[in-house]
Each structure stands twice: as structure tokens, then as C-alpha cells.
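**Q** Submitted below is the structure of interest, expressed as C-alpha cells.
Any read-out appearing in this document is the output of simple, stated calculations on the displayed coordinates, not a laboratory observation. Every value quoted in this text rests on a predicted model; they were computed, and no experiment measured them. All Cβ positions, glycine included, derive from the backbone under ideal geometry; neighbour counts span all protein chains shown.
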Amino acid sequence: MENKPLNKNKLDGKQVWRYERKIPIINYDKKQLEFLIRRNFYSFVPHYPDRYIYNIYYDSNNFQYFHENQEGLSNRKKIRLRWYNNNQKIHNSKLEIKSKKGMVGSKQVFHLPDFNMLISSKNLVNTNRKLLEADSLPNWVKEMSMFLQPTLFNSYKRQYYISKDKLFRITLDTQLTFQDPLEKYNVSKLLLPSNLMVLEIKYLAENDQKASEIMNSFPFRVDKFSKYVFGLNKIRIKNYATI
């Protein structure tokens, strides 16, 4: 069977199932990690310019998606609003619905009209209303959004790499921050685990056998890791609250 290149599908709402293997890395030199990525025998090279990613995660009143991911259920979901390179405004955003079935996952992406909203606790909460008003969202997504609330605001810097055969992509996330979206937004008060990096290897399901060679070339262990679960747990500890 012919191996297919891993291309990001830009058609709104279309699902492509793939593996996303995550490697959380603590207390390791970033320059050394970049060297390991580039010297890999699959010849990874930079794929996109580095950029900052901003997310608002949504969940039900009983934190259904948090518990699904915390417990590692076979079928689980995450919903988030995402935009890039702007820590002042929600600009050129998209709604992403991530689904997981066993070891493979998919992501449905819906591009949204420009919210052009300043980042504030009031506006983060009001993104629900903006979603319901978005003509680009199908009715089933709007109906689902009616029962959700913003539960986590987070950001990080991402580097992008692609293998020479274009079958595998690697992303490296650094400068991770987390905040309760109900709190007053303050860049200086964001929770910042500065010693944490997250490396992710992404590929289509038919290329899983080859992917093990790439993962074994790193001196780290592939592990279950969710930024949503990690961040919400950080906030819970900070606020001495329970979910």
C-alpha cells in the first residue's frame, strides 16, 4: 500500500484520522532537543515559521471532557477556540473539535468570522455567544456550544518540522502558560511551567510501523499527555478547588 503524505486538511469540518504521539520533556536543553530533531535519520526540516498559539478550551458544567481525557477513555473529545500570534485580541480564530478513538484521533476545524475581541475575562466568557452567532458553524455545533463554558485559557510557542518524505510531522511546544478564563487576564500572572516542553509526532494511521523508528531515536518516553488536563489540574491546585 502506498504511503500518503501527511497534509493538513483545510476544508472546514472534514475529519482526517491520524496518530499524535506526545512526549512531555522536563528539564532538558532546548537547543539540544532541536539538534536531535534535525539529525534524525528521517531528515526533519523546519516546515512553518514559529508562532504563538492561543486556546480557549470549553467543557460542560460537570467537566465531562476533562474527565474523559483524565481517565484516558477510548472515546474522548476536546473542544477549543484557537488563534495565532496575538496576545491582545481574539483574531482570525477557528473552532476545533478533537475526537479520539482508541489510539487515533481526528480534528474538525471550523473557521470563524473575525471576533476582533480584546482578551479579557468578560470577553473570554462571551465567546460562547459569538459561537452561536457564527454563520460558518453548522447547527449541530451551535447546539453543542449552548451547553459548554470556557474552562481554560492557554498559550505556547510552537515550532514545526516535517520529514523529507513528508509522511511525518513534529511539533515542539515551549513557553506553555495556563490561566482560568474567569480570572482577570494578566500576562504577568499566567501560570508558566518554564521547564516543560512537549514534542509531538503526527502521522497517518498507515504509517504507524515506521513511526516507531522515529520515536525510538529520542532519549525520551512517549507518554499520555493533554495540555487541557495538565492546565486544568494546575489551576485546580492554584485555586485549591476540586473538579
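**Q** For a quick check, take a GNM of the chain with Cα springs below 10 Å and name the residue from Gln108, Gln159, Gln88 with the largest mean-square fluctuation.
**A** Gln88
**Q** Whole-Hz ³J(HN,Hα) for each residue in region 178-183, computed from phi via Karplus 6.51 cos²θ - 1.76 cosθ + 1.60 with θ = phi - 60°, x for glycine and proline: what do you get?
**A** After applying 6.51 cos²θ - 1.76 cosθ + 1.60, I find 9, 7, 5, x, 7, 8 Hz.
**Q** Students often get this wrong, so check it: of Lys164/Lys224; Lys94/Lys166; Lys89/Lys164; Lys101/Lys210; Lys210/Lys234, which have C-alpha atoms separated by over 31 Å? Walk me through the numbers before you get to the answer.
**A** Details: Lys164/Lys224 27 Å; Lys94/Lys166 25 Å; Lys89/Lys164 36 Å; Lys101/Lys210 21 Å; Lys210/Lys234 35 Å.
Correct reply: Lys89/Lys164; Lys210/Lys234.
**Q** Still on this model: 222 nm [θ] for the chain, helices only, -39500 (n - 2.57) per DSSP H run of 4+, per residue, to 500? Please list the in-between numbers first.
**A** Values: 6 runs with 59 residues, N = 243.
Computed mean residue ellipticity for the chain: -7000 deg cm²/dmol.
**Q** Which order do the peptides 92-102, 43-53, 218-228 come out in when sorted by mean C-beta neighbours inside 10 angstrom, highest first?
**A** Details: 92-102: 17.2, 43-53: 13.3, 218-228: 15.5.
Going by the mean number of other Cβ atoms within 10 Å, highest first, we get 92-102, 218-228, 43-53.
**Q** Given the convex hull over the Cα atoms of region 73-180, what projected area results after averaging over all orientations, in nm²?
**A** Working: hull surface 33.1 nm².
Result: 8.3 nm².
**Q** Right, something else. Give the aspartates and glutamates reachable from Lys100 as a straight Cα distance under 12 Å; neighbours fewer than 8 places away on the same chain don't count.
**A** Of all the aspartates and glutamates, those that pass the test against Lys100 - Cα under 12 Å, at least 8 places apart if same chain - are Glu20, Glu68.
**Q** Where does the chain land on the Kirkwood hydrodynamic radius, alpha-carbon pairs, in angstrom?
**A** Values: mean 1/r = 0.0530 Å⁻¹.
Over the chain, the inverse of the mean reciprocal pair distance is 18.9 Å.
**Q** Name the residue farthest towards the positive end of the dipole of the chain from the options Tyr65, Met103, Pro24, assuming +1 on Cβ of Lys and Arg, -1 on Cβ of Asp and Glu, about the Cα centre.
**A** Towards the positive end, the residue furthest out is Pro24.
**Q** For Asn85, list long-range residues whose amide hydrogen, built 1.01 Å from N in the peptide plane, is under 5 Å from its own amide hydrogen.
**A** Amide H to amide H, under 5 Å and 5 or more residues apart or across chains, Asn85 pairs with Tyr52, Ile53, Tyr54.
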